[in-house]
């Protein structure tokens, strides 16, 4: 009810023992217990009275109709939610259940069927000229690097730092 833990209860009990004294402490705790029991029973009675009034006035029927009308299933959001969970749980590495060998076999099959469809007629093959070969190019030789004197190389000037901005004070 008050969200008090054991350590807080021990602290409150110790302070009460110091303030009230050991003689009157048990009677004080009894009175506090009676008071909290009475407060809880009053709260329970109040909530029961409110529930009974709601049942008599028909508010519960209206509330249940409203819940049914605005439910996720009635609005079609249930299907959206299942699709979203399927999308989130989809793993592209696990989605492919075929082995690489099966993939290669399927690719070869598609390649052969595509070649059969797009193959030129036999007469066109006879008219084809042999492919022209490109002349061989000589391999380029690596260029030797020369050592450079540091005295002959010009250095770049060091850039100047910008002047600080003047502020009005």
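Below is a table of values for the structure above.
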{"quantity": "Residue within the stretch 1-12 that is in contact (Cβ under 8 Å) with a residue 12 or more places away in the chain and exposed (fewer than 10 other Cβ atoms within 10 Å of the Cβ) present", "calculated": "yes"}
{"quantity": "Out of 125, 56, 88, sole residue that is at pLDDT 70 or above, outside any loop (DSSP other than H, G, I, E, B), over 44 Å from the mean Cα position of the chain (by Cα) and loosely packed, with under 10 Cβ neighbours inside 10 Å", "calculated": "56"}
{"quantity": "Filter result for residue 146 (over 31 Å from the mean Cα position of the chain (by Cα), part of a helix (DSSP H, G or I) and at pLDDT 65 or above)", "calculated": "no"}
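The values are calculated or read from the model by the stated rules, or taken from the named source; none is laboratory data. For clarity, every value in this text was computed on a predicted model and none was experimentally measured. Methodologically, a virtual Cβ is constructed for each residue, glycine included, from the backbone with ideal geometry; neighbour enumeration extends over all protein chains shown.
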